[in-house]
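A.B. asks: The following block contains the structure, expressed as structure tokens.
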Amino acid sequence: MKDTALSKIHESLGAKMVPFAGFNMPVQYEGVKAEHETVRNAVGVFDVSHMGEFLLTGENALDLIQKVSSNDATKLEPGKAQYSCLPNDKGGIVDDLIIYMIEENKYLLVVNASNIEKDWNWISSHNSMGAEMKNLSDDYSLLAIQGPKAVEAMQSLSSVDLTGIKFYNFVVGDFAGIEHAIISATGYTGSGGFEIYCKNSEVEQVWKKVFEAGASYGIKPIGLAARDTLRLEMGYCLYGNDINDTTSPLEAGLGWVTKFSKDFINSEALAAQKEAGVTRKLVGFELVDRGIPRHDYPIVDAAGNEIGIVTSGTMSPSTGKAIGLGYVPTELSAPGSEIYIQVRNKNLKAQVVKPPFYKA
């Protein structure tokens, strides 16, 4: 089990630590609901240093990215980031990721912690054009400072105008005494804020200064459990739950990052799937009956026939409703469609709704 550079600090703060993607990670501190509300109303800090970072450089870096990713990375320019996915050759998804264009011929790929080795091997196996690749995952830390007060609370730590960093943009600049931090706005919570990438040797200093600067704003450390409820309220996919090696990006509602203006791995088969139409879709739903949907609970139709599974589910702290995501046949995917979630052998009525479940 790997530690992040901050694991001992989390333990000293009384965090409940759990194994997650091979790392010893804080799942909660004072409780999921309180931490969730801190991010929705003020500012909270996540240690997400378990995420993977690959640096791709050289004049063939873009060609490799274009080949392995579904989105069109030629649309990037320095200071911009892009959400994308790595299609496999069987119709599914190797991983979802964020691609940062640092400068010409220099890109940072940020991948999910559980997929670091898999993604590295997959991208390497397709690097026939000789792009230079470095796995920086063990050397870098990542803090996500999220919430409506994040920018105001942190502005004193940087000469960069944090209000000027638009969604899916970033700046390489000074932060908390570090000269070359990446300050990005690619949040996974729907409540604003930004992320700080820095070296492991620097992150403890950054953590301490962040909490000093945010003290009067009610800043708190936040665990992975609240990160999950926050992202689910936005309808954001989580790899391993809502998307995986067997789910098509088109089924998962990721057609918007699947660009057929270029050739990429399995693009012909995905284009044919788009033409024919998918037979199932990932949808959001809210329970009408009382209960809480959980990962892997069956989804059934009015006659009790199993038609899918819940991929993510929770009681939404912000809305007070039981919400979830799951795959259902296309004919039951329109908002307003009636489906049922099987909870302990009871079929609870639910209604398909269009995410996000929470709107600020």
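Throughout, read-outs are computed from the coordinates displayed, never taken from laboratory work. All of these numbers come straight from a predicted model, not from anything done at the bench. Every residue, glycine as well, gets a Cβ built from its backbone with ideal geometry; the counts of neighbours run over all protein chains shown.
A.B. asks: Counting only C-alpha contacts under 8 Å and six or more residues apart, can you give the relative contact order of segment 140-280 as a whole percent? Show your work: numbers first, answer last.
C.D. replies: On the way: 165 pairs, mean separation 28.4, N = 141.
Once normalised by length, the contact order is 20 percent.
A.B. asks: Now for a separate question. Over the chain, what is the percentage of antiparallel beta bridges among all DSSP beta bridges, to the nearest 5?
C.D. replies: Values: 75 of 80 bridges.
For the chain, the DSSP antiparallel bridge percentage is about 95.
A.B. asks: Sort 225-233, 27-35 by packing, meaning the average of other beta carbons within 10 Å per residue, with the highest value first.
C.D. replies: Numbers: 225-233: 23.7, 27-35: 18.3.
Result, highest mean first: 225-233, 27-35.
A.B. asks: Percent of Cα-Cα pairs more than 15 Å apart in segment 158-206, please. Don't jump to the answer; show the numbers that get you there.
C.D. replies: On the way: 487 of 1176 pairs.
In whole percent, the long-distance tail amounts to 41.
A.B. asks: Further question: Any chance you could run the full-extension gain for ASN41 through LYS274? It's 0.36 nm times the residue separation minus the Cα-Cα distance, nm to one decimal.
C.D. replies: Working: separation 233, 0.36 × 233 = 83.88 nm, distance 4.01 nm.
Extra length available between ASN41 and LYS274 comes to 79.9 nm.
A.B. asks: When you count, for each residue, the other Cβ atoms within 10 Å and take the mean per peptide, how do 170-176, 299-305 rank with the highest first?
C.D. replies: On the way: 170-176: 20.4, 299-305: 14.1.
Most protected by this proxy first, the peptides run 170-176, 299-305.
A.B. asks: Along the positive direction of the dipole of the chain (beta-carbon charges: Lys, Arg +1; Asp, Glu -1; about the Cα centre), which of GLY218, ALA269, TRP120 reaches farthest?
C.D. replies: GLY218
A.B. asks: What FRET efficiency would be calculated for the residue pair LYS16, ASN241, taking the C-beta separation as r and a Förster radius of 25 Å, to the nearest 0.05? Walk me through the numbers before you get to the answer.
C.D. replies: Numbers: r = 21 Å, r/R0 = 0.83.
After rounding to 0.05, the efficiency reads 0.75.
A.B. asks: Using Cα pairs closer than 8 Å and at least 6 residues apart in sequence, work out the relative contact order for segment 36-115, in percent. Could the numbers behind the result be given before it?
C.D. replies: Working: 128 pairs, mean separation 25.7, N = 80.
Dividing the mean separation by the residue count of segment 36-115 yields 32 percent.
A.B. asks: Using the beta-carbon distance between SER125 and ARG294 and R0 = 41 Å, what value does 1/(1 + (r/R0)^6) give for FRET efficiency, to the nearest 0.05? Display every interim value, and only then the final one.
C.D. replies: Numbers: r = 36 Å, r/R0 = 0.87.
Computed FRET efficiency for SER125 and ARG294 comes out at 0.70.
A.B. asks: Same structure again: What full-extension length gain, to one decimal in nm, is calculated for GLU306 and VAL160 as 0.36 nm per residue of separation minus the Cα-Cα distance? Could you put the intermediate results ahead of the total?
C.D. replies: Numbers: separation 146, 0.36 × 146 = 52.56 nm, distance 5.30 nm.
That works out to 47.3 nm of additional length.
A.B. asks: Where the centre of each part is set by its Cα atoms, how far does segment 191-207 sit from segment 253-322, in angstrom?
C.D. replies: About 33 Å separates the Cα centre of segment 191-207 from the one of segment 253-322.
A.B. asks: While we're here: Just to be sure I understand the model, the point goes 7 Å from the Cα along the line to the Cβ. What's the resulting SER261 to ASN105 distance in nm?
C.D. replies: 2.5 nm
A.B. asks: Related question: Each label point is 7 Å from the Cα along the Cα-to-Cβ direction; what then is the distance between the points at ASN135 and THR330, in nm?
C.D. replies: That separation, rounded to one decimal, is 3.9 nm.
A.B. asks: Note down the magnitude of the dipole of the chain about its Cα centre, charges +1 on Lys and Arg C-beta and -1 on Asp and Glu C-beta and zero elsewhere, to the nearest 20 debye.
C.D. replies: On the way: 33 positive and 44 negative charges, 226 e Å.
With Lys and Arg at +1 and Asp and Glu at -1, about 1080 debye.
A.B. asks: I want the local charge near LEU143. Using Cβ-Cβ distances under 9 Å, sum +1 for each Lys or Arg and -1 for each Asp or Glu among the other residues.
C.D. replies: For residues surrounding LEU143, the net value is -2.
A.B. asks: Additional query: Just want the answer: with Cβ charges of +1 for Lys and Arg and -1 for Asp and Glu, which residue in THR247, VAL328, LEU97 is farthest toward the dipole's positive end in the chain?
C.D. replies: Value computed over the given set: VAL328.
A.B. asks: Can you tell me the relative contact order of the chain? Whole percent, Cα pairs under 8 Å, sequence separation 6 or more. Intermediate results must be reported in sequence, preceding the final value.
C.D. replies: Working: 842 pairs, mean separation 62.7, N = 360.
About 17 percent, as a whole number.
A.B. asks: Once you place label points 7 Å from the Cα toward the Cβ at ASP89 and THR57, how far apart are they in nm?
C.D. replies: So the two model labels end up 3.0 nm from each other.
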